[in-house]
Amino acid sequence: ELISRIAGTDSTIYISGESGTGKELIAKAIHVASERRDKPFVAINCAAIPETLLESELFGYEKGAFTGADHHHAGLIASAQGGTLFLDEITEMSPALQGKLLRFMQNGEVRQLGGHETRQVTVRVVAAANRNIDEEVKKGQFRSDLLYRFVVRLHIPSLREHKEDLLQLIESLLKKMD
């Protein structure tokens, strides 16, 4: 029910929960239930990409922008045009890159590395993390102004917090095994 209500808006969303609680599944469900369902769902794990590459993957780059940039790369934000950008483990992003993401979320403009022109991009940003983001803000590891850009905050409880669903989960898994 909550997913249906959220999906009908263009609100930015932050999903918290332990590893394995299904944060990406929730993000995909929101996308599929939204008007954006026919547009791209682009997911990126911010912890899995080295910091030096994450910016170029998100924002793209022009040919010759840096050593090895032998072609133009539009970037994942631009490739999600009209759809949903899912930033998993956003708390792993450096404060400097958080600032660039904040600027994009404020004005919808993307400027590729090595480029001079900005491009208008319309995407819904959904982010997730297994760390306590409020603690990360207190420690100065996550920008509070970026956190405020996430209008909706969802917490996905671990299975041990809702054991009543265990039987239904087991039945579902057994059906898949048949």
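The values are calculated or read from the model by the stated rules, or taken from the named source; none is laboratory data. This structure is a prediction, so every number in the text was calculated from the model and none was measured. Ideal geometry is used to build each Cβ from the backbone, glycine not excepted, and the neighbour counts take in all protein chains shown. Heavy atoms of the whole protein, side chains included, go into the accessibility calculation; ligands, DNA and RNA do not. Shrake-Rupley method; radii C 1.70, N 1.55, O 1.52, S 1.80 Å.
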Before we move on, is VAL110 closer than 20 Å to SER56 by Cα and open to solvent by less than 50 Å² (accessible area, probe 1.4 Å)?
-> yes
Name every residue in segment 81-131 that is in contact (Cβ under 8 Å) with a residue 12 or more places away in the chain, charged (D, E, K, R) and closer than 28 Å to ILE3 by Cα, in order of residue number.
-> ASP88, GLU89, GLU92, GLU109, ARG124, ARG131
Selection within segment 18-34 - more than 14 Å from the chain's Cα centre (by Cα) and modelled with pLDDT under 95 | GLU18, SER19, GLY20, THR21
Would you point out the residue of segment 59-85, among those that are open to solvent by less than 60 Å² (accessible area, probe 1.4 Å) and in contact with a Lys or Arg (Cβ under 8 Å, 6 or more places away or on another chain), that is modelled with the lowest pLDDT?
-> ALA69
Hits in segment 82-101 (condition: of a type in the set (D, E, K, R), assigned to a helix (DSSP H, G or I) and closer than 24 Å to ARG36 by Cβ) | LYS100
Flagged in segment 21-37 as part of a loop (DSSP other than H, G, I, E, B) and either without any contact (Cβ under 8 Å) to a residue 40 or more places away in the chain or in contact with a Cys (Cβ under 6 Å, 6 or more places away or on another chain) (or both), in numbering order, are ALA33, GLU35, ARG37
Total residues in segment 36-47, condition open to solvent by 40 Å² or more (accessible area, probe 1.4 Å) and either out of contact with any helix residue (DSSP H, G or I) (no Cβ under 9 Å at 6 or more places or on another chain) or at pLDDT 95 or above (or both) | 7
Residues in segment 120-177 that are open to solvent by 30 Å² or more (accessible area, probe 1.4 Å) and touching a Gly at 6+ places or on another chain (Cβ under 8 Å): how many?
-> 6
Looking only at segment 162-176, decide whether some residue is acidic (Asp, Glu), assigned to a helix (DSSP H, G or I) and within 16 Å of SER16 (Cα to Cα).
-> no
Yes or no: GLU117 over 23 Å from GLY60 (Cβ atoms), open to solvent by 50 Å² or more (accessible area, probe 1.4 Å) and among the acidic types (Asp, Glu)?
-> no
So ASP134, is it within 20 Å of the chain's Cα centre (by Cα) and without any contact (Cβ under 8 Å) to a residue 60 or more places away in the chain | yes
